[in-house]
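Worksheet: one structure, shown below.
The values are calculated or read from the model by the stated rules, or taken from the named source; none is laboratory data. Owing to the predicted nature of the structure, the values given are computational and were not obtained by experimental measurement. Note that we place each Cβ from the backbone using ideal geometry, even for glycine, and neighbour counts take in every protein chain shown.
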Protein chains: 2
Amino acid sequence: MARTKGDHEARRREVSEAVWRVLAAQGFGGLTLRAVATELGATTGLLTHYFPAKRDLVRHALDLLDARTTSRPRRAGGPGLAAVRAALLDILPLTPEATASNRIWVSSWDTALADPGLSEDHAARYARGRARLAALIATAQERGELPAGDPGRLAAGAQSFALGLVVQALLGPADFPPERQRELVDDYLAALATPAAPEASAAPEASEAPAAGS
Amino acid sequence: MARTKGDHEARRREVSEAVWRVLAAQGFGGLTLRAVATELGATTGLLTHYFPAKRDLVRHALDLLDARTTSRPRRAGGPGLAAVRAALLDILPLTPEATASNRIWVSSWDTALADPGLSEDHAARYARGRARLAALIATAQERGELPAGDPGRLAAGAQSFALGLVVQALLGPADFPPERQRELVDDYLAALATPAAPEASAAPEASEAPAAGS
């Protein structure tokens, strides 16, 4: 067993890696002390030293997921609308690594919804994500690339769209290959970027729409 | 114990009701034979008669969720774009009952992603949902309420948007009260309904769109 601080840190890292591999393979639904012990080739007794209760294991797993997500490489998106596009693409399961991470995020929702404290943590996390997106949207508006409107409200719509696309792509990878996901993001942004015709926003009647090409 | 067919059916219904209550309270993550037995005031031994393995319990729970979702009352939406709007609102957690049902759906994703068979069932289920939405979108296009474009592709975007909004609203109900959810749906549909300006659209379709009202 670990005798020095260095050994102890190394052991902690091994435990964390084992937790991560269990999450990646089975999601939060399969995250148990026994599964981590098996992955680690250790006893569950050893693990209770690190995680006295199941909730400690879950919280550690969420922290790991958070750290991995925060430290992942991001797409360079330039300023304005290109940055909004890059931020949305960063959310999606376009690579095997992003797929694994998203698969864990989706599975965390069940765990979070069963625990008010974890649920609030999650709500705060997504609110921070919307705030970051809103700042990018505000810049795109200043550059004239997006029409005026509450950036927070536009961000809430865009984040909803991206999260739902994550779910669809994970459950139906054959129907949502990376190219399809990119197309849908571009469709979404194109619809957002189109200034609403005054007639369309004030009075939805088709007979008042402008003539094509005008 | 049940002696007649009627008794047996009644007992099955009681078991199903108990499964539903466990799901509603704890999601799929909390769905165990023991939890259902406790809810029912029965022994786990009795339950193994109905569900020999955990997977049988999960499949029964998914069937129940499916049946409840299919048989729920739907909004009347009129034809065209109003029907698309009604279909999206039907998905969202706008009422306590819809919140409970969505909470279970979200929790089912973790279970489904851990099991290829259940994952395929889920993918097929969402594909059917997109097909229904695509049919409504096609009608809205025929009525001139939505611009031209592949209805299946528009449906994939709209379903993504609605599912992601479900997730956000469940995790952050304070940030996404029903009125906010409706606003976001209306924002989404308004952006979709606005014909792309020729300069914003890469493809030349806009200049070939039929004159309004034609």
Filter segment A:78-94 down to the residues that are over 19 Å from B:PHE161 (Cα atoms) and free of Cβ contacts under 8 Å to residues at least 24 places away in the same chain and list them by number. A:GLY78, A:ALA82
Kindly list the number of the only condition in (1) in a helix (DSSP H, G or I); (2) touching a helix residue (DSSP H, G or I) at 6+ places or on another chain (Cβ under 7 Å); (3) within 9 Å of chain A (Cβ to nearest Cβ) that fails for B:ASP175. (1)
Name the one entry in B:GLN159, B:GLN141 that is within 26 Å of A:PRO147 (Cβ to Cβ), more than 10 Å from chain A (Cβ to nearest Cβ) and at pLDDT 95 or above. B:GLN141
Conditions: (1) surrounded by fewer than 21 Cβ atoms within 10 Å (Cβ to Cβ); (2) free of Cβ contacts under 8 Å to residues at least 40 places away in the same chain; (3) small (Gly, Ala, Ser). A:GLY164 meets all but one. Number of the miss? (1)
Of the criteria (1) within 30 Å of A:GLU142 (Cα to Cα); (2) at pLDDT below 85, which one A:ARG59 fails: (1)
Criterion (of a type in the set (Val, Ile, Thr) and modelled with pLDDT under 85) met by exactly one of A:THR48, A:THR69: A:THR69
